[in-house]
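Working notes, structure below.
The values are calculated or read from the model by the stated rules, or taken from the named source; none is laboratory data. Quick caveat, the model's predicted, so the values are computed rather than measured. With ideal geometry, Cβ positions are generated from the backbone for all residues, glycine too; neighbour counts draw on all protein chains shown.
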Amino acid sequence: MPKDRGERRGGSSKGEGRGFRRRGLGRRKVCRFCADKTMQIDYKDTRALGGFLSERGKIMPSRITGNCARHQRSLTVAIKRARTVALLPYATSYP
Amino acid sequence: MADRRYETLVLIHPEQGEQGAKELTNRIRSLIEDQKGSIGQIQEWGLRDLAFLVAKQRRAFYVLFEYRATPAALAEVERNLRLTDPVLRFVSVRQAENAPPTPDRTARRPEPEETDTSLDAGDTGDMESLGEEV
């Protein structure tokens, strides 16, 4: 098994280059909830949660918002709670 | 059994009217008290627009209950809520013991600060370009 892995790694270094690199330039995003400890994630706070939804009402990935894994997890739970009581949409409809 | 801090947000059918919603709120309050729960606060948010249709309704009365109760009491309260037809939906959440009580709606958090909005703008830009790739 370990041997197998070593071979694969060797193969990829030929094509892909070295491991992970930040794609493109741009400033590093910081988790907003880590930066501001007073900010609480609350499913009732529609205004705050709405900022983490796309125009279609989908939850923005942390890759885009820069949230850390922990806060992204509690954020998605909060958004889903808000959805069950119709505070936030599952999807935006166009009439 | 140790009691815990819970909150339940209840959606009441708009046809109940302001009066009916008040009555139902009192009924739910006594429901919790019958289960030996102690009410912390009750917030009536009034008639609010729903994010999507629920039971073919565009709006509903929102009422938030904060209380302490045992897990068994919560289960009983929830069972009764499910049996109550004018209750469209509800969600119960256990709150941290040290969490501050939910501020009144009139005292809700003001608009996000400027730094936040600038970050937002950059984010949506990323999102759009990503969408095109896909």
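I'd like to check something: does segment B:91-104 contain any residue that is in a strand (DSSP E or B), under 19 Å from residue B:16 (Cα atoms) and more than 10 Å from chain A (Cβ to nearest Cβ)? Checked against the condition, which is being in a strand (DSSP E or B), under 19 Å from residue B:16 (Cα atoms) and more than 10 Å from chain A (Cβ to nearest Cβ), segment B:91-104 yields no hits at all. The single residue among A:12, A:62, A:74, A:54 that is at pLDDT below 90 and either surrounded by 11 or more Cβ atoms within 10 Å (Cβ to Cβ) or in contact with a strand residue (DSSP E or B) (Cβ under 8 Å, 6 or more places away or on another chain) (or both) turns out to be A:12. For segment A:40-49, the criterion of a residue being under 15 Å from the mean Cα position of the chain (by Cα), modelled with pLDDT of 85 or more and not acidic (Asp, Glu) is satisfied by at least one position. Candidates in segment B:1-52 are the residues that are of a type in the set (Val, Ile, Thr) and over 15 Å from residue A:44 (Cβ atoms); of these, the one that is nearest to the other protein chains (Cβ to nearest Cβ) is B:12. In summary, strands (runs of 3 or more DSSP E) completely within segment B:1-90 and bearing 3 or more residues that are surrounded by 14 or more Cβ atoms within 10 Å (Cβ to Cβ) and among the aromatic types (Phe, Trp, Tyr) occur at B:57-69. When residue A:44 is tested against (1) basic (Lys, Arg); (2) assigned to a loop (DSSP other than H, G, I, E, B); (3) more than 11 Å from chain B (Cβ to nearest Cβ); (4) within 20 Å of residue A:82 (Cα to Cα), just one condition goes unmet, and that condition is (3).
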